[in-house]
1. Only Cα pairs under 8 Å and at least 6 apart count here; give the relative contact order of the chain as a rounded whole percent.
2. Counting pairs of alpha carbon atoms under 8 Å apart in space and at least six apart in sequence, what relative contact order in percent does region 34-178 give?
3. From the helices alone, meaning DSSP H stretches of at least four residues, give me the mean residue ellipticity at 222 nm for the chain, per-run term -39500 (n - 2.57), in deg cm²/dmol to the nearest 500.
4. Just want the answer: with Cβ charges of +1 for Lys and Arg and -1 for Asp and Glu, which residue in THR98, ALA85, GLN71 is farthest toward the dipole's positive end in region 70-125?
5. Can you sort SER91, SER219, SER137 from fewest to most other Cβ atoms within 10 Å of each residue's own Cβ?
6. Compactness ratio of region 87-164: Cα Rg over 2.2 N^0.38 Å, N = residue count?
7. If exposed means no more than 10 neighbouring beta carbons inside 10 Å and the site is in a DSSP loop, what's the longest run of the chain without any exposed trypsin sites (Lys or Arg not before Pro)?
8. Using only the Cα atoms of region 252-322, what are the Rg and Dmax in Å?
Amino acid sequence: MSAIAHCILHIGAEKTGTTSIQKHFGRHADALRRRGYWYPASLAEPGSFVHTRLSDIGRNRKPDSAAKFGQAFQRELDEAARAGAHTAIISSEFLHSTVRKAFGVRRIRDFLEPFFGDTRIVYYARRQDNMLVSMHSTAVRGGFTSSASALAVYQGKGHYYFDHAAVCELWAETFGRENLLCRVYERALLTNGDIVDDFAAAIGLALEDGEAKPTANESISFEAMHVLLLLNGSKHKDNTELRRKLVAQGRRRGGERIPMLTRAEAQEFLARFEDSNRNFFERYVDPRHARGFEPGFEGFPEEVPDPPPARKIVDFIFGRNE
C-alpha cells in the first residue's frame, strides 16, 4: 500500500463551482499539506490548478502521458508522504465532461491504483436547466457559440453531459457505488452556502481561518452576452485581446442577468431528466442531504427579450454612459 492511503477524486460536474475549489486548494497547497492533505501540482499544466493531465489519461489523448507524468507524480507523492500527508485531493471537471466510456474510467483507476489504498469519487450535481444556462454563458464568453439560445449547448454537449445518473453509474461500475459521494450544488444545501466549505466538510477537512476563498462568478449581463454573440459571429471571433477587453468591460458595467432560455423551455428541458434524476437521488444521494432538486422556475423569463438596440451595443463597446 502507498504511503498515502487515501485519494479523493473530484470529477465535477462542470458548472458546479469546480474552479473555486481548484483555486482554493491549489493556492493553499502548502498549508493543506501540513494538515495531511496533498493537492498535486504534477497533474496540472504549469500555471493551472486543474488536474487535466489525469483527465487526458482517461481520454487517452496522449498515449504516453501515464508513464510520463506517473514518474513526476510518484516523486511528488513521496515528498508529500515524507511531510506527513495521508490523503490526496485530485480535481478535474473534465473527468465528467470528456471521460464518457468505461474503458476511460478504467484507465483512470489503473493510473491511481498503484499509488493509493483506496479512492473515493466526489460528484456535485446541478439542476439541468440551470446547468444549461450556465454552460451557455461560458460558451458565449469563450467564443464557442454564436447562438442566442441556451439550448444550443445541449446539441454540442449531448445528453450524457446532463444525465447525473448516467455519470454516476459509469464511475460506480469501476470504483463501486459505495465509493461515490454525491452532493447537490444549490446554495441552500451547501455548508455555509459556499462550495469550498461544502467540499471541505464533505471530505472531512476543517478549513483554517484566514484562508481566503476565491469566487468564480462567470455569469455575464444580458447586454454583454449580445455584444459577445456579435463578436462570435464575426470575422474577429479569434481576437482574444478584443474578447478579453469586452468581457472585462461587461464585468465593470454590470447589468441584469437574464437566462437565454424561456420558462417553458426550462420546464421542458428539465422534464427530459425526470426519471434519471429520480434514479440519481434514490441511488447516489444521501436523503439527509437532499431528496431532489429545488423546484421552481421563477428565475427564467416568460420570453427572452430582444437584443439591445445598436446604440446601446456601441455605447457598451466604447464604455459610454458609465
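1. 21 percent
2. Numbers: 130 pairs, mean separation 36.8, N = 145.
This gives 25 percent for region 34-178.
3. -14000 deg cm²/dmol
4. THR98
5. Starting with the residue having the fewest Cβ neighbours, the order is SER219, SER137, SER91.
6. That works out to 1.34 for region 87-164.
7. 1-234
8. Cα radius of gyration and Dmax of region 252-322 are 18.9, 54 Å respectively.
Each value in this text was obtained by applying a stated rule to the coordinates, not by laboratory testing. Note that the coordinates shown come from a computational prediction; the quantities given were computed from them, not determined experimentally. Heads up, the Cβs are rebuilt from the backbone with ideal geometry, glycines too, and the neighbour counts pull from every protein chain shown.
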